[in-house]
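The values are calculated or read from the model by the stated rules, or taken from the named source; none is laboratory data. Everything numeric in this text was worked out from a predicted model, so none of it was measured. Heads up, the Cβs are rebuilt from the backbone with ideal geometry, glycines too, and the neighbour counts pull from every protein chain shown.
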Amino acid sequence: MNVSAKFFGLTIFFVFLAMFQPIKAQAQIDVFDFETPEQEQRYRQLSNDFRCPMCQNANLSSSPGGVASDLRREIYRMIIEGQTDAQIEEFMLARYGDFILYRPRLTAQTLLLWFGPLMFLLAGVWVARNIIRNSGVKKSNDSQAKADAPINQDTYVVADDVISDEERKRLNRLLAEHDDLAHAQDYTGR
């Protein structure tokens, strides 16, 4: 048996060995005994409504952090003691500030958070409207200014543009040359 066959056999053996090994998984499981289903529902709602202060964007129920675990135990304790949801929220706000709320309240400090995106959208629409409106006005003003320009005997209006007598002669000469060239090509067949 050569070396590559032994290596292949050992590789297959270790792959099968790894496939049948039990997978060790860790999950954050809090087991609390509630007196009523209403208390359990309140616990779940509150742990979903509060943000983990350690995690960036996770509520208490989905955060595996130690701080989140402590806060879940604190919520459980306060519910069992008979505190209302408002009292629990006041406690959390006093301890952690508005950051603890997963959905911030509408206050003077959070007005920009709530209405900032709408204000930026409206400002963008206003700027776009003014750009579009002013570009149309500028074109029509330019055309009107050219039409209102004083025209003397040496100037002619061609397609809303004012040209001088010298430019008109040059234009006529170029058009005549083009007509002669086109006429000559018709007779030669090229």
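A few notes on this one:
- Options Asp85, Asp98; residue that is at pLDDT 90 or above and either among the small types (Gly, Ala, Ser) or in the same structural domain as Asn57 (by TED's automatic domain parsing) (or both): Asp85
Residues checked against (1) assigned to a helix (DSSP H, G or I); (2) aliphatic (A, V, I, L, M); (3) touching a Lys or Arg at 6+ places or on another chain (Cβ under 8 Å); (4) farther than 20 Å from Glu38 by Cβ:
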residue	(1), (2), (3), (4)
Ser61	no, no, yes, no
Pro64	no, no, no, yes
Ala68	yes, yes, no, yes
Tyr76	yes, no, no, no
Ile79	yes, yes, yes, no
Ala86	yes, yes, no, no
Glu89	yes, no, no, no
Arg95	yes, no, no, yes
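- Residue list for region 67-113, restricted to those being on the phi > 0 side of the Ramachandran plot and among the β-branched types (Val, Ile, Thr): none
- Scanning region 100-121 for residues that are in contact (Cβ under 8 Å) with a residue 12 or more places away in the chain and surrounded by 11 or more Cβ atoms within 10 Å (Cβ to Cβ) yields Ile100, Leu101, Tyr102, Thr110.
- On inspection, Glu177 passes the criterion of being surrounded by 10 or more Cβ atoms within 10 Å (Cβ to Cβ), more than 58 Å from the chain's Cα centre (by Cα) and modelled with pLDDT of 80 or more.
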